[in-house]
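Below: one structure, written as structure tokens.
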Amino acid sequence: MFNSTLKTLLAGLALAASLGTHADVAPYAQVRLGNPIAPNAQYRHVAIVAGVHAVTVHDGDDVVFDVQGHEVAWHFDTIAADMAFDLADLAPAWVAPGQVHVTIEPVAH
């Protein structure tokens, strides 16, 4: 089971690398978290300002993070029911590691 999961993850990483990644996005983020999307006014917008240290999103959400005037839009499609990550994985040029923690919760049915 572990070997097949590892093989799937590695294959996904290889695919993401071969297709290219969104500028400044950690390469594994697309495999684990979903994929970058074009910002859209209809998506949920989250302003990352001083004092914001945690954000909660749901699997399947389309979210635009506004970080110091830069927009990072993401469709969350995770490989696990509950996940968490550092926003610096999606916006390393604008968010310091450890600055903002993002929790991805499953969609309530």
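The values are calculated or read from the model by the stated rules, or taken from the named source; none is laboratory data. Quantities reported herein were computed from a predicted structural model and do not represent experimental measurements. All Cβ positions, glycine included, derive from the backbone under ideal geometry; neighbour counts span all protein chains shown. Side chains included, ligands, DNA and RNA excluded: accessible areas come from the protein's heavy atoms. Shrake-Rupley method; radii C 1.70, N 1.55, O 1.52, S 1.80 Å.
Starting from the Cα of Ala47, step 7 Å along the direction of its Cβ; do the same at His101; then give the gap between the two resulting points in nm.
2.4
Relative to the compact-globule scaling 2.2 N^0.38 Å, provide the ratio for the alpha-carbon radius of gyration of region 37-109.
That ratio works out to 1.04.
Any idea of the accessible area per residue across region 43-109, 1.4 Å probe, to the nearest Å²?
Values: 3400 Å² over 67 residues.
Value for region 43-109: 51 Å² per residue.
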